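**Student:** Structure incoming, see below.
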Amino acid sequence: MYPKFSLDGSGLGWQIVDKIGTLTAMSIHQLSAVVAVARNGTIGRANTLPWKLRSDLQRFKQLTMGHTLVMGRKTYESIGRPLPGRQTIVLSRRQETRFDGVCVAASIEAAMAFVPRDSHAFVVGGAELYRLAMPMIKDWYVTLVLADIQGDAFLEPWDESEFHCVESAFVPADEFNEWPSTFRHLVRHQNNGHRST
């Protein structure tokens with residue numbers, strides 16, 4: 001159902017299907033995304049991660065500690081609490097949504113207004129928020145799980161050719177990581193990420 005991620009940065013990965021929206025200088029400068037995704041596009045099952053990968057959790061903590069997490073309501077509810085050492089912003093269309101210790105915003109633009117000047121904002125899910133934020137994301141921190149895994153939440157197809165890989169590391173399966181994985185840091189090309197045709 002979903003094309004495979006390319007691992008070599010050749011741009012033969014997923015293709016973005018939405019029109020590029022307005023990209024503010026603030027959002028491009030500050031907004032990154034962190035995601036773990038299986039080869040078939042799965043990112044979740046029943047509001048949980050469908051794998052056990054200690055290396056991915058450790059990397060997530062290292063990347064985001066001291067910064068700002070932007071997530072959807074369902075993602076926050078699956079976590080159940082603000083993560084220590086990080087500001088949490090929850091996006092929700094429901095005006096009545098309130099959670100102790102977190103900011104609630106109705107849009108990505110509104111969420112970015114909560115991000116302190118000395119903080120970096122990371123989109124951390126779920127699938128709908130990744131889709132909405134995709135045109136604004138400056139760089140991706142991707143853990144590619146090297147398996148096809150059943151799930152009910154999938155990462156929207158996106159054009160990897162708009163990014164270049166600045167870091168890549170293979171993590172073998174072991175007693176703490178049930179699948180092998182590849183971590184990649186992908187940075188959007190300058191000139192607003194648009195390629196000339």
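The values are calculated or read from the model by the stated rules, or taken from the named source; none is laboratory data. Just so it is clear, the model here is predicted, and its values are computed rather than measured. A quick note on method: Cβ atoms are made from the backbone with ideal geometry, for glycine too, and the neighbour counts reach across all protein chains shown.
**Student:** May I ask you to verify whether ALA153 is of a type in the set (Gly, Ala, Ser), surrounded by fewer than 17 Cβ atoms within 10 Å (Cβ to Cβ) and more than 12 Å from the chain's Cα centre (by Cα)?
**Tutor:** no
**Student:** Out of all the residues in segment 39-54, which are of a type in the set (S, T, N, Q) and surrounded by 17 or more Cβ atoms within 10 Å (Cβ to Cβ)?
**Tutor:** Answer for segment 39-54, where residues must be of a type in the set (S, T, N, Q) and surrounded by 17 or more Cβ atoms within 10 Å (Cβ to Cβ): ASN40, THR42.
**Student:** From (1) within 21 Å of GLN62 (Cα to Cα); (2) in contact with a strand residue (DSSP E or B) (Cβ under 9 Å, 6 or more places away or on another chain); (3) part of a loop (DSSP other than H, G, I, E, B); (4) not hydroxyl-bearing (Ser, Thr, Tyr), pick out the condition that doesn't hold for ARG184.
**Tutor:** Unmet for ARG184, out of (1) within 21 Å of GLN62 (Cα to Cα); (2) in contact with a strand residue (DSSP E or B) (Cβ under 9 Å, 6 or more places away or on another chain); (3) part of a loop (DSSP other than H, G, I, E, B); (4) not hydroxyl-bearing (Ser, Thr, Tyr): (3).
**Student:** For residues that are surrounded by 14 or more Cβ atoms within 10 Å (Cβ to Cβ) and of a type in the set (Lys, Arg), scanning just segment 173-197, find the one that is modelled with the lowest pLDDT.
**Tutor:** Of everything passing the filter in segment 173-197, ARG188 is modelled with the lowest pLDDT.
**Student:** Those residues that are in a loop (DSSP other than H, G, I, E, B) and buried (at least 16 other Cβ atoms within 10 Å of the Cβ), I need them from segment 98-113; list them, please.
**Tutor:** Let us first name the residues in segment 98-113 that are in a loop (DSSP other than H, G, I, E, B), namely 98-102, 106-107, 113.
PHE99, VAL102, listed by residue number.
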